[in-house]
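To keep things clear, I will list the structure first and then write my remarks on it.
The values are calculated or read from the model by the stated rules, or taken from the named source; none is laboratory data. All figures in this text were calculated on a predicted structure; none of them were measured in a lab. Counting neighbours? That spans all protein chains shown, and the Cβs are built from the backbone with ideal geometry, glycine included. Protein only, heavy atoms only, side chains kept; ligands, DNA and RNA dropped before computing areas. Shrake-Rupley method; radii C 1.70, N 1.55, O 1.52, S 1.80 Å.
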Amino acid sequence: MRVMVVGSGGREYAIGRALAKDPAVEKIWFAPGNGATPQMGENVEISDYEALAEYVQKEGIDLTIVGPEAPLVEGIVDIFKARGLKIFGPSKKAAQLEGSKIFMKNFLARHEIPTARYVETDSIEEAFRFIDTLPEPIVVKADGLCAGKGVIIAKTRDEAKKAASEMLSGKAFGEAGTKIVVEEFLDGYELSVFAICDGKDYIILPAAQDHKRLLDGDEGPNTGGMGAYAPTPLIDDALYKKIEERIIRPTVEGMAKEGMPFEGVLFAGLMIVGGEPYTLEFNVRFGDPECEVLMPLLETPAGELFDKAASGRLGELDVCFSDKYAVGVVMASRNYPYKSSEPAEIIVDRIVHTELAEKAHICYAGVSLADGKLMATGGRVLVCVGLGESIREARDNAYMLCGQVHFAGKQCRTDIAYQALAQEHG
């Protein structure tokens, strides 16, 4: 099997790494990939989707897997399918679940899927009226894609009104914010649940939890994610069952009923309030860094899983996950998330500890290759992933590997998976 992975981040590196372990996968391409992906396959610099589809046809690539949300929302899947190519990901219509917060909230309402009370509007008066009815804090969201930054949790009504005004005027997020969702704040704990779907069937993966804030103790600004772990002990069979019956199944069935069957990764960002799951948001692809901790737990050959999902044949597959734990710690560049950083050479010490070499690995993201040297080029540079029989062991392995990686200005949190460790003790 010949496979292409679209994207350039740690998530795509992790998918490539899982594919490289599948003996049935003969060759992997990355479009565009990053400075480290040539270790596993060939990078292709084609950004136009029609031209990329043509390249896939010419090279006889059997399957394309799309990592990031932007190509999905822009309709890459429709372009490939029009040429009869096999591609894993949702259609442009189905990708609205992530591409438009308003589409998503209205879909949830139509199918009676639990979510926070909300109003969608482009009117400042209506937004202000609804804000006045809500207890503080209050959530204000831009409708469109804002690279994970279009959600404001306002501590007071005045702050919520200011956020709404800035979004609706186009000042905060430009076009993406000219319609907004204002909703009640749900007080509980967050979970990320991923389901791989083929339009009718789905497979729910072990639940993960990520750490969005930059600094230890969940302080500092929101980021794309500073670390993650899976599976989380904050879920049990009863909660999995509620999530499946109230959220995943009605979403897959509802999308099929509305003529846009969902194929690809359905990523439900959930808030658990008093043991009951509510949908905060849907994404239509793997989370990053959650993907980096889920892929190494997959025991079923990755090529087979994505191939069956892209051909509507998930029902034929018995998917297995290992009973180990994985913890991923993101290493970011000096100025992340505020501004770009100077490129810096990455040095990884030779790992002499054989057990660490077997139980930890790096997924590269913001890196480039210059004169044979791997350079950190800003943003989230890489993820150190540790595996173990317990969360503590997995976390220790991840941090041991962090100690072997050096580049100027590197920063990472030192407390990834602290909620789960507190529970292990408790």
* Asked: Of the residues that make up region 235-251, is at least one surrounded by fewer than 22 Cβ atoms within 10 Å (Cβ to Cβ) and outside any helix (DSSP H, G or I)?
  -> yes
* Among (1) in contact (Cβ under 8 Å) with a residue 40 or more places away in the chain; (2) farther than 30 Å from Gln419 by Cβ, where does Leu145 come up short? -> (2)
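From the residues in region 351-369 that are part of a strand (DSSP E or B) and under 15 Å from Gly9 (Cα atoms), which one is most open to solvent (accessible area, probe 1.4 Å)?
Filtering region 351-369 down to residues part of a strand (DSSP E or B) leaves 360-364, 367-369.
When the remaining residues are screened for being under 15 Å from Gly9 (Cα atoms), the result is 362-364, 367-369.
Values: Ile362: 23, Cys363: 1, Tyr364: 22, Val367: 10, Ser368: 41, Leu369: 104 Å².
The residue in question is Leu369.
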* Asked: For region 289-312, how many residues meet the condition of being farther than 18 Å from Pro68 by Cβ, in contact with a strand residue (DSSP E or B) (Cβ under 7 Å, 6 or more places away or on another chain) and not in a helix (DSSP H, G or I)?
  -> 3
* To do: Output the number of residues of region 66-97 satisfying the condition of being open to solvent by 10 Å² or more (accessible area, probe 1.4 Å) and in a helix (DSSP H, G or I).
  => 9
* Check off (1) in contact (Cβ under 8 Å) with a residue 12 or more places away in the chain; (2) outside any helix (DSSP H, G or I); (3) touching a strand residue (DSSP E or B) at 6+ places or on another chain (Cβ under 6 Å) for Gly220 and give me the number that stays unchecked. => (1)
* Asked: How do the pairs read when you match residues in region 348-367 that are modelled with pLDDT under 90 with residues anywhere that are not in a helix (DSSP H, G or I), using Cβ under 7 Å and keeping only pairs 6 or more apart or on different chains?
  -> Ile351/Gln404; Ala357/Ile351
* Might you check whether a residue that is open to solvent by 20 Å² or more (accessible area, probe 1.4 Å), farther than 17 Å from Pro114 by Cβ and either assigned to a loop (DSSP other than H, G, I, E, B) or of a type outside the set (Val, Ile, Thr) (or both) occurs anywhere in region 191-200? => yes
* Asked: Which residue out of Gly312, Gly372 is open to solvent by less than 30 Å² (accessible area, probe 1.4 Å) and at positive phi?
  -> Gly312
* Within region 400-422, track down each residue that is farther than 16 Å from Asp210 by Cα and part of a helix (DSSP H, G or I). => Met400, Leu401, Cys402
